């Protein structure tokens, strides 16, 4: 019998997508031998400011960034919604598409993980996926009280031993890359180079479309 599909999910504004996003995704995909890891741009993120560039531009940049990078892929499902992008709805959509047996792995950074209790229907997330918390070696903080019981019940020390389609939490140590989309936008607005912080194809697209230029 063939094994169940193993699919990773990394959401974000990707404004723009950069090497930090891509390196994190690739490290997890290789570690867990995922069949696919989907980068899903959010159209209207409920916990973030409105992105600087349009959903269409951000999706185009993600597609350019992952082109020919197996097993990374772009997924546009959140852009079809005319309301905020809720992760629980994205997971429900993926589960309906991929079936009950597929293993889904939701990648979140430590800060996002600590903010889970503010997410829409957050207690239902583990019904649909495993959660992989991306941790840097220099991280040194405790989970909020609202998550401590959940961690005690659902945490698995070794992400390679996650079993079943959903329901568990594990931590993945990451190569620290001090890169942020805010930093990249500021560089570009100041007329400075962002080369080597984003893929060349993404940088070419940014320049061709005139994105992130100073408005004054």
Practice task
For residue 134, state whether it is within 24 Å of residue 51 (Cβ to Cβ), assigned to a loop (DSSP other than H, G, I, E, B) and touching a helix residue (DSSP H, G or I) at 6+ places or on another chain (Cβ under 6 Å).
Solution key: no
Practice task
Kindly provide the set of residues from segment 163-186 that are free of Cβ contacts under 8 Å to residues at least 60 places away in the same chain and closer than 20 Å to residue 29 by Cβ, ordered by number.
Solution key: 163, 168, 169, 170, 171, 173, 176
Problem - Selected residue [assigned to a loop (DSSP other than H, G, I, E, B), within 14 Å of the chain's Cα centre (by Cα) and either in contact (Cβ under 8 Å) with a residue 24 or more places away in the chain or more than 23 Å from residue 199 (Cβ to Cβ) (or both)] from 43, 82, 25, 29 - result: 43
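Does residue 60 satisfy the condition of being out of contact with any helix residue (DSSP H, G or I) (no Cβ under 8 Å at 6 or more places or on another chain) and assigned to a helix (DSSP H, G or I)?
It is false that residue 60 is out of contact with any helix residue (DSSP H, G or I) (no Cβ under 8 Å at 6 or more places or on another chain) and assigned to a helix (DSSP H, G or I).
Let's see how each residue does on (1) modelled with pLDDT of 95 or more; (2) touching a strand residue (DSSP E or B) at 6+ places or on another chain (Cβ under 6 Å); (3) at positive phi:
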{"residue": "27", "(1), (2), (3)": "yes, no, no"}
{"residue": "33", "(1), (2), (3)": "yes, no, yes"}
{"residue": "43", "(1), (2), (3)": "no, no, no"}
{"residue": "51", "(1), (2), (3)": "no, no, no"}
{"residue": "64", "(1), (2), (3)": "yes, no, no"}
{"residue": "67", "(1), (2), (3)": "yes, no, no"}
{"residue": "70", "(1), (2), (3)": "yes, no, no"}
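The values are calculated or read from the model by the stated rules, or taken from the named source; none is laboratory data. Since this is a predicted model, take the numbers as computed values, not measurements. A quick note on method: Cβ atoms are made from the backbone with ideal geometry, for glycine too, and the neighbour counts reach across all protein chains shown.
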